[in-house]
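The values are calculated or read from the model by the stated rules, or taken from the named source; none is laboratory data. Computed from a predicted model, the values in this text were never measured in an experiment. Counting neighbours? That spans all protein chains shown, and the Cβs are built from the backbone with ideal geometry, glycine included. Note: accessible area is taken over every heavy atom of the protein model, side chains too, but ligands, DNA and RNA are not part of it. Shrake-Rupley method; radii C 1.70, N 1.55, O 1.52, S 1.80 Å.
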Amino acid sequence: MTSATTEHQPFNRLLLTGAAGGLGKVLRQSLRPFTRILRLSDIAEVAPALDESEEVQLCDLADKQAVDQLVAGVDAILHFGGVSVERPFEEILGANICGVFHIYEAARRHNVKRVIFASSNHVIGFHKQGHRLDAHSPRRPDSYYGLSKCYGEDMASFYFDRYGIETVSIRIGSSFSEPQNRRMMSTWLSYGDLTQLLECALYTPNVGHTVVYGVSDNQNVWWDNSYAAHLNFKARDSSEPFRAQVEALPMPAADDPILVYQGGAFVTLGPFGDD
Ligand code: NAI
Ligand code: 15L
């Protein structure tokens, strides 16, 4: 498989939520080989459709009726929209918790059989770094945000068992253009590897509900993807070429959460609303 072209037949119409976000802007380009039409959605402004291969439909994920209309006519959903960092629970609730329910209800109503869910390493963020985890390891969410991703994974599991809607939940590590700190030397996922993983997630038959860690072929990875071997995802990139620039950054104290927990600084955020 390659991210530039695809050996697969393109879908007719894919839906990408979170299209105005950091990853959404990257995926707007890199998903093109996989679909004739890409429907782009966000609550924030999305750059206008370039041509007939794109559709822009703004939508608040907390609005059930709007999400229902958003999903009509699509073949599969890449659900990247929502609050992507730790915030007070009330902010997470509408976008992430109600939002993921609305996505699955709309998928059921419109007979969409495949969802790719942008889950996060923050579902396991309270595990210590160096502790090797697989898809069956106990979750230890590090934030309300991480909890919302646990809920999304459980929603995916339920909608497969109950309604046969298949999902690949990708526990994305840190997907940015470059690793930004020492923790990300382990958690980094390049944009190219993310795109390849999405290709695997879209086209592999019979995924049921598969949980996969989204991480590049870094030297010190804590995550074992053997339960997702059927996806045939083979990361090609590595954080190693960035080691010198990352190690030139100031060294945090040995007990800094960024060096202790898999979720890094997320474990320290909150509480909210005490004053
Ligand atoms: P981002 O914050 O840049 O993008 C998220 C998008 O969701 C934003 O454009 C935002 O406007 C939109 N959004 C927020 N609330 C919404 C609502 N109520 N209705 C509709 N849209 C709403 O985040 P990024 O980095 O692009 O991440 C995309 C997805 O991947 C997120 O779900 C995030 O949790 C997940 N992820 C990203 C990681 C990363 O390293 N970039 C790591 C782990 C997970
Ligand atoms: C995430 O889940 C966030 O969406 C992203 O902004 C990063 O913080 C990433 O995890 C990470 O853990 O590096």
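Structure data summary
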item: In sequence order, calculated HN-Hα J values of the stretch 202-207 (Karplus, 6.51, -1.76, 1.60; Hz; x Gly/Pro); result: 6, 9, 5, x, 6, 8
item: Arg162 - accessible surface, heavy atoms, 1.4 Å probe, Å² rounded to 10; result: 140 Å²
item: For Glu199, net neighbour charge (Lys/Arg +1, Asp/Glu -1) across residues whose Cβ lies under 13 Å away; result: +2
item: Per residue accessible area of the chain, 1.4 Å probe, in Å²; result: 45 Å²
item: Contour excess over end-to-end distance, with Cα ends at Leu58 and Ala265 and 0.36 nm allotted per residue; result: 71.3 nm
item: Highest-MSF residue in the chain out of Ala106, Ala265, Ala20 [GNM, Cα springs under 10 Å]; result: Ala265
item: Relative intensity, log₁₀ I(q)/I(0), of the stretch 3-127 from a Debye sum that treats every alpha carbon as a point, q = 0.09, 0.17, 0.20 Å⁻¹; result: -0.24, -0.86, -1.15
item: Computed FRET value (nearest 0.05) for Asp224 with Gln245, which takes r as the C-beta separation and R₀ as 35 Å; result: 0.80
item: Accessible-area composition of the stretch 11-268, carbon plus sulfur, in percent [1.4 Å probe]; result: 51 percent
item: In sequence order, calculated HN-Hα J values of the stretch 100-110 (Karplus, 6.51, -1.76, 1.60; Hz; x Gly/Pro); result: 6, 4, 4, 4, 6, 4, 5, 4, 4, 5, 9
item: Considering only the chain, percent of DSSP beta bridges that pair antiparallel, nearest 5; result: 5 percent
item: Relative contact order [Cα under 8 Å, 6+ residues apart], the chain, whole percent; result: 17 percent
item: Candidates Met155, Met185, Met251: whichever shows maximal mean-square fluctuation once the chain is modelled as a Gaussian network with Cα springs under 10 Å; result: Met251
item: Among Phe80, Phe117, Phe242, residue whose mean-square fluctuation peaks in a GNM of the chain (springs only between Cα atoms under 10 Å); result: Phe242
item: Cα-based Rg and Dmax for the stretch 11-268, where Dmax is the largest Cα-Cα distance (Å); result: 17.6, 53
item: Long-range amide H partners of Ala49 with built H, under 5 Å; result: Val56
